[in-house]
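Just below is one structure, and these are the notes that go with it.
The values are calculated or read from the model by the stated rules, or taken from the named source; none is laboratory data. No experiment lies behind these values; they were computed from the predicted model shown. Neighbour counts are summed over all protein chains in view; Cβ atoms, including those assigned to glycine, are modelled from backbone coordinates with ideal geometry.
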Amino acid sequence: MRIQAVKGMYDLLPPQSRRLGEVERISHELLATYGYCEVHTPLLEYTGLFARSIGEETDIVEKEMYTFEDRDGRSVTLRPEGTASAVRAYIEHGLSASEAVTRWYYLGPMFRHERAQRGRYRQFHQLGVEALGVSEPGIDAELCALLWELCGRLGAPGLELHLNTLGCAECRPVFRAALLEYLAPHEASLCEDCRRRFRHNPLRVLDCKVEGCRRIADGAPTSLALACAACRGHWDGLMLDLEALRVPSQHDVRLVRGLDYYTRTTFELQSTAPGLGVQNTIAGGGRYDGLVAELGGPPTPAVGFAMGLERLLLALGDERPPLRPVAQVGCVSRGEAARRALLPLARDLRELGISVDVDHRGSSVKSQMKRADKLGCALVLILGEDELARQVVTLREMAGSAAGEAGATRQSEVPLAEAVARIRALLAGG
Ligand code: HAM
């Protein structure tokens, strides 16, 4: 029997892999302008890290983790998300002592044994961004603006930024009690999941997708109405900063998120792009002011988000971000001596940062031309034995390419020794 990829996991091949690369490149660039530095943490962590941070009774920890014993008999887990690892590393390396504000990001695969469907996979990629050390709402706004700008720059359509507050150690219990009191008379009408967990975590009823629960949740008290003065002030400050940054947002009283570490601000970026289907949340995040202390570090305010890169690609559709051609220049040769004569030329072009394709298979000129066209080459170098003898090469500007005439091809003979300089000038638009 043929062996296939593990269920819910997939191979990322061109052109999607190139799109992911483009998204990553643009993300690196934007994040650098905000002063965020990339960190790499292991894909495996001791299981206790996730149980303690994400929460024992969350869906992720209860039923979605890839957990196993390693050869030393210790329980390890493939990371289902990156915040817990980032905080572990922050504490382990004593960052709070060496810098007042830490701005980190990470890019990489995460693992959750979820029911696989469009936009939901068992291995997926996240871009996670975390800011530690700032309690003021300015940093929450900075992250929302960064996320908004990134998705806008990439061309994601139909974006909506949803925001809520979950309160703090002081006002969350008040909200929770009010919610319990409101929900208690409706208990019998809740779905099975909500009935099971609502005494322990009534907030989860708010984001239940079942119609009956939604109707009940519609009349529930809201966290903002019951927020303490400090949480209210934080919210108001965030709204003012977002307004100054011209980032449109909407208050979503149901936004509670599925991880236990959140305090105060929570947010999600959703997209109405048709490619996404029901999994329309591109990114989610919020404040986690208690997590560093919970994991044994000094009390440190923190906030962050993670974006699902597969979902982002689905939202972008097949066209964006625009891909550069696989090769800018194609080498087409007739005969082995001509092919060999093009090799140093190709190397010299690559040294200038120009991408070049060489067909080594001795195919016909026609099929080599077809290949160059398919790869999106703007220019093709054609060398036959006769041209080689005369030390010239034919340079063809492909139709419709930036270097070529619109709708027509143009070609000329160039001395071999001048070909590199000529190509460089043509690609630079000269
Ligand atoms: P999360 O909401 O669990 O938050 O995941 C963030 C994003 O990852 C989601 O909005 C979605 O785009 C993507 N995602 C999650 N699960 C899957 C899946 N099975 N398949 C495809 N994409 C998925 C977190 O992970 C938090 N660590 C975010 C955070 C960072 N909060 C503070 N800092």
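Worth a mention:
- Selection within the range 377-422 - modelled with pLDDT of 95 or more and at positive phi: GLN391
- Scanning the range 31-42 for residues that are exposed (fewer than 15 other Cβ atoms within 10 Å of the Cβ) and not β-branched (Val, Ile, Thr) gives ALA32, GLY35, CYS37, GLU38, HIS40, PRO42.
- Exclusive hit being under 19 Å from the mean Cα position of the chain (by Cα) and over 20 Å from MET110 (Cβ atoms), set ALA220, ALA293, ALA273: ALA273
- Residue check: ASP193 meets all listed conditions (1) out of contact with any Lys or Arg (no Cβ under 7 Å at 6 or more places or on another chain); (2) at pLDDT 95 or above but one, namely (2).
- Looking at SER27, SER75, just one residue is closer than 30 Å to ALA141 by Cα, touching a helix residue (DSSP H, G or I) at 6+ places or on another chain (Cβ under 8 Å) and assigned by TED's automatic domain parsing to the domain that holds VAL292, and that residue is SER27.
- Selection status of ARG287, at pLDDT 90 or above, surrounded by 22 or more Cβ atoms within 10 Å (Cβ to Cβ), in contact with a Cys (Cβ under 8 Å, 6 or more places away or on another chain) and under 28 Å from LEU95 (Cβ atoms): no
- Subset of the range 259-283 (residues that are assigned to a loop (DSSP other than H, G, I, E, B), on the phi < 0 side of the Ramachandran plot and loosely packed, with under 14 Cβ neighbours inside 10 Å): THR272, VAL278
- Residues being in a loop (DSSP other than H, G, I, E, B) and under 30 Å from CYS151 (Cβ atoms) - total across the range 299-326: 12
- Of note, ILE354 satisfies the criterion of being surrounded by 14 or more Cβ atoms within 10 Å (Cβ to Cβ) and not assigned by TED's automatic domain parsing to the domain that holds GLU142.
- Evaluated against (1) at pLDDT below 95; (2) more than 17 Å from LEU147 (Cβ to Cβ); (3) not basic (Lys, Arg), ASP236 falls short on exactly one condition, (1).
- Filtering the range 197-222 to residues that are loosely packed, with under 13 Cβ neighbours inside 10 Å and assigned to a helix (DSSP H, G or I) leaves GLU211, ARG215, ASP218.
- Summed over the range 229-270, the residues that are more than 11 Å from the ligand (Cβ to nearest atom) and under 23 Å from LEU107 (Cα atoms) give a count of 1.
- Here VAL129 qualifies as among the hydrophobic types (A, V, I, L, M, F, W, C), within 23 Å of LEU269 (Cβ to Cβ) and assigned by TED's automatic domain parsing to the domain that holds THR263.
- Yes/no for LEU143 being assigned to a helix (DSSP H, G or I) and within 11 Å of the ligand (Cβ to nearest atom): yes
- Odd one out for VAL332, checked against (1) within 16 Å of the ligand (Cβ to nearest atom); (2) in contact with a strand residue (DSSP E or B) (Cβ under 6 Å, 6 or more places away or on another chain); (3) among the hydrophobic types (A, V, I, L, M, F, W, C): (1)
- Taking the numbered list (1) part of a helix (DSSP H, G or I); (2) free of Cβ contacts under 8 Å to residues at least 60 places away in the same chain in turn, ASP241 passes all entries but (2).
- The one condition in (1) out of contact with any strand residue (DSSP E or B) (no Cβ under 8 Å at 6 or more places or on another chain); (2) crowded, with 19+ Cβ neighbours inside 10 Å that ARG79 fails to fulfil: (1)
- Cβ pairs under 8 Å, 6+ apart, first in the range 412-424 and under 7 Å from VAL393 (Cα atoms) and assigned by TED's automatic domain parsing to the domain that holds ASP386, second among the polar types (S, T, N, Q) and outside any strand (DSSP E or B): PRO415/GLN391; LEU416/GLN391
- For GLY82, the test of being in the same structural domain as GLY290 (by TED's automatic domain parsing), in contact with a Gly (Cβ under 6 Å, 6 or more places away or on another chain) and in contact (Cβ under 8 Å) with a residue 60 or more places away in the chain is passed.
- So ARG350, is it more than 10 Å from the ligand (Cβ to nearest atom) and part of a helix (DSSP H, G or I): yes
- Yes/no for VAL87 being hydrophobic (A, V, I, L, M, F, W, C), crowded, with 20+ Cβ neighbours inside 10 Å, within 12 Å of the ligand (Cβ to nearest atom) and within 21 Å of GLN270 (Cα to Cα): no
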